[in-house]
Amino acid sequence: MAVLSAATVVAVLIVGGPSAPRVSDTLPLSRAIARAIDANPMLRAERLGARAATERIAQAGAWPNPELGFGLINRPIQTFNTEDRMTMNTVRYSQGIPWPGKQRLGRSEATQLAVADALQADDTEGLLAARVTAAYYDLAATGRVLAVMRETLSLLRAFRETALGRYASGTTVQQDVLQAEVNVARMEADVAVREQERLAQAARFNALLARDPATPVGALHLPAIDAGP
């Protein structure tokens, strides 16, 4: 009796995968990106900086603030009165007048700085969305692979039980039983390694969303593969 190898079982499962019921999504990609954008402190700071730069445009084109001052001249220190004819009270008002064209240039410079700050924030948001998307699909793909591997492991265990039963009844040789044991052990080790890999991916994904790294991440959505005409 020939026992199916792990590679053969995996191939069978992958080919038959589309007929299996689809696991419902627990976290759409759009919601994951929105959460990461809302929770990212660097992006929030850049958005606030861009808003502040926009508010400074009007100030850059305004005249300098006028100055109003009051003064006292020749007041006696002892009495601080105004009976002496040499004492004076002064009121001073001044207004600086910008050189022609300076206001226009100031507004232009402030506008360009505000645009640059806004573009920097947009770039940061785009990079963050790209990182979340990559982490999301890596995690989703690993979940799909794990599901196939666990199904494969279940089949290999069933084949092992079948081989043990046949060996006990004398209808197969011990080599088939040993081969089944080896296949099960290998698949168990592969599943354990892939589970640890998914835990690490989930921790990185949670970090992008500003969540606790240990937050459980359920099944994620992968788009259906177009089989073509």
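The values are calculated or read from the model by the stated rules, or taken from the named source; none is laboratory data. In this text the structure is predicted, and so the values were computed from the model without any measurement. Neighbour counts run over all protein chains shown; Cβ positions are idealised from the backbone, glycine included. Surface areas here come from the heavy atoms of the whole protein model, side chains and all, with no ligands, DNA or RNA. Shrake-Rupley method; radii C 1.70, N 1.55, O 1.52, S 1.80 Å.
Short to long, the 5 Å bins of the Cα pair-distance histogram for region 84-149 hold 3, 12, 8, 9, 7, 7, 8, 6, 6, 6, 5, 5, 4, 4, 3, 2, 2, 1, 1, 1, 0 percent of all pairs. The residues of region 115-193 expose, per residue, 56 Å² of accessible area to a 1.4 Å probe. For a paramagnetic label modelled at 7 Å from the Cα of residue 211 toward its Cβ, which residues of region 133-170 fall within the zone defined by backbone nitrogen distances under 12 Å? So the set is 136. Taking all protein chains as shown and a probe of 1.4 angstrom, residue 44 keeps an accessible surface of around 110 Å².
Ignoring any ligand, DNA or RNA, what whole percent of the accessible area of region 25-145 comes from carbon and sulfur when the probe is 1.4 angstrom?
Details: 5070 of 8680 Å².
The computed percentage sits at 58.
Determine the relative contact order of region 122-229: mean sequence separation of Cα pairs under 8 Å and six or more apart, normalised by residue count, in whole percent.
Details: 68 pairs, mean separation 38.1, N = 108.
Over region 122-229, the number comes to 35 percent.
The label-point distance for residue 123 and residue 44, in a model that sets each label 7 Å from Cα toward Cβ, rounds to 2.3 nm.
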